[in-house]
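The values are calculated or read from the model by the stated rules, or taken from the named source; none is laboratory data. Not measured: the values here are computed from a predicted model. A quick note on method: Cβ atoms are made from the backbone with ideal geometry, for glycine too, and the neighbour counts reach across all protein chains shown. Calculation scope for accessible area: heavy atoms of the full protein, side chains included, ligands and nucleic acids excluded. Shrake-Rupley method; radii C 1.70, N 1.55, O 1.52, S 1.80 Å.
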Amino acid sequence: MRHRFHALCPYFAMFPEAFVRKHLVWSKPGDVVFDPFSGRGTTVFESLLNNRVGFGCDLNSVAVCVSNAKADPPKYDEVCARLDVLSRIKFRPDTTLSKDAFFNACFHPETLQQLLFLRQSLKWKQNRSDRFIAALVLGSLHGESHRSERYFSNRMPRTISTKPNYSVNWSKKNKLTAPKRDIFKILKEMINFRYASEVPKARGFVKQVDARNAIKAFPNLEGRVPLVITSPPYLDTTNFEEDQWLRLWFLGGPPNPQ
C-alpha cells in the first residue's frame, strides 16, 4: 500500500515514487541517495522506505518544509500534543489582512484568523511537530473545496496558487463564497490519516540551499553519494516562487506573488 506521507502536499511537476523505486536498484541498502532539487521530497522519503539514507536540498521553502516533514517526522503522540496545545490557545483577532480583497475572498473570516494564528505560531524551521503541522496546512491551504472539505480556501487549484486579481474576479463572476473550515479539526483528521502508515525508522534531511552549493552544505557526504535521483527544475513551465506564493506566504513570505 502506498505510504500516506507521500501525498502530504500536492506539488507542481512532481514525479511518482515508482520512478524512485525503479532506480534504487543502482544502490544497495545503507547507501546515501541524494536529490539536489528535492521538491516535495519523493526521492528522499522513498529512499528511507527502502533502507537507504536520503538527503537533498532545494531553494524553495515549501519544498524544504514538506520534504523534511516526511524525512524527519515527529512521533504521532508529539504532533497530536502540539496541535492540542495550539487549539486551546485563545488568540486575539489579527486585522493585518482585514482589507485585503484576495484573502477575504479566498478564506472565511474565522478560517483566516486560524491561519494567521498558525502562521505566527508555528516554528517550522526549528520544531519537528510544528513543521509537520505546517506541511499539512500547506497541503490543504488551497484546493477544490467544492469536492473535498479538507481544503481551506475558496475554489482554487491544488498544485499552484492563482494570482490575487484573477482569483477575486473569478469568485465574483461565479458568485462563490469561501467555505467555513475548522482548521484544527481538519488537521487532527489529517494527522490520523497520515500516521495510519508506519513511519520509517531511518531519518533523512533536506537543506535550503542552492544545488550548486550542495557540497558546502553537506561536507560530510563528499565521496559518499553513489546515487543521485532527481528532476531538474521546470524553468520553462513554472516559476516555483510565483506559483507557490500563497504557501510561501504561510511560511512567512509576503502576502502577494513575487
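Per-structure values
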| read-out | value |
| --- | --- |
| Arg92-Glu241 FRET efficiency (beta carbon distance; Förster radius 30 Å; 0.05 resolution) | 0.45 |
| Shape category assigned to the range 170-258 from the gyration tensor of Cα positions, a/c cut at 1.5 | oblate |
| Residue among Gly223, Gly30, Gly39 with the largest mean-square fluctuation in a Gaussian network model of the chain, springs linking Cα atoms under 10 Å | Gly223 |
| For the range 173-184, 3J(HN,Hα) per residue [Karplus equation, 6.51 cos²θ - 1.76 cosθ + 1.60, θ = phi - 60°, Hz, x = Gly/Pro] | 4, 9, 6, 9, 10, 5, x, 7, 10, 8, 4, 5 |
| 5 angstrom amide H check on Arg52, placed H, neighbours 5+ away | Gly30 |
| Accessible area in the full protein assembly, largest first, 1.4 Å probe, for His23, His6 | His23, His6 |
| Of the trypsin sites (Lys or Arg not before Pro) in the range 1-73, those whose Cβ has at most 12 other Cβ within 10 Å and which sit in DSSP loop | Arg2 |
| Cα-Cα pairs of the chain separated by more than 32 Å (percent) | 23 percent |
| Residue pairs, from the table Lys99/Lys172; Lys70/Lys90; Lys70/Lys125; Lys123/Lys201, whose Cα atoms sit over 19 Å apart | Lys70/Lys90; Lys123/Lys201 |
| Angle in degrees between helix 61-71 and the longest Cα principal axis of the chain, rounded to the nearest 10 | 60 degrees |
| Solvent exposure ordering (accessible area, 1.4 Å, most first) of Trp245, Trp26 | Trp26, Trp245 |
| Amide H contacts under 5 Å for Ser197, placed H, 5+ residues apart | Arg4 |
| Ellipticity estimate at 222 nm from DSSP helix runs (n ≥ 4, -39,500 (n - 2.57)) divided over the chain, nearest 500 | -11500 deg cm²/dmol |
| Most fluctuating residue given options Ala63, Ala134, Ala178, as computed from a GNM of the chain linking Cα atoms under 10 Å | Ala178 |
| Where the range 86-158 is the region considered: accessible area per residue in Å², 1.4 Å probe | 50 Å² |
| Quotient of Cα Rg and 2.2 N^0.38 Å for the range 1-135, N being how many residues it contains | 1.25 |
| For Lys28, solvent-accessible area (1.4 Å; no DNA, RNA or ligand), Å² | 120 Å² |
| Within a Gaussian network of the chain (alpha carbon springs, distance under 10 Å), most fluctuating of Leu97, Leu116, Leu138 | Leu97 |
| Span from the the range 141-220 Cα centroid across to the the range 233-258 one, whole angstrom | 12 Å |
| Accessible heavy-atom area order of His142, His3, highest first, probe of 1.4 Å | His3, His142 |
| Three-way shape label, the range 101-208, alpha-carbon gyration tensor, a/c 1.5 | prolate |
| Glu241 accessible area, 1.4 Å probe, all protein chains in place, Å² to nearest 10 | 110 Å² |
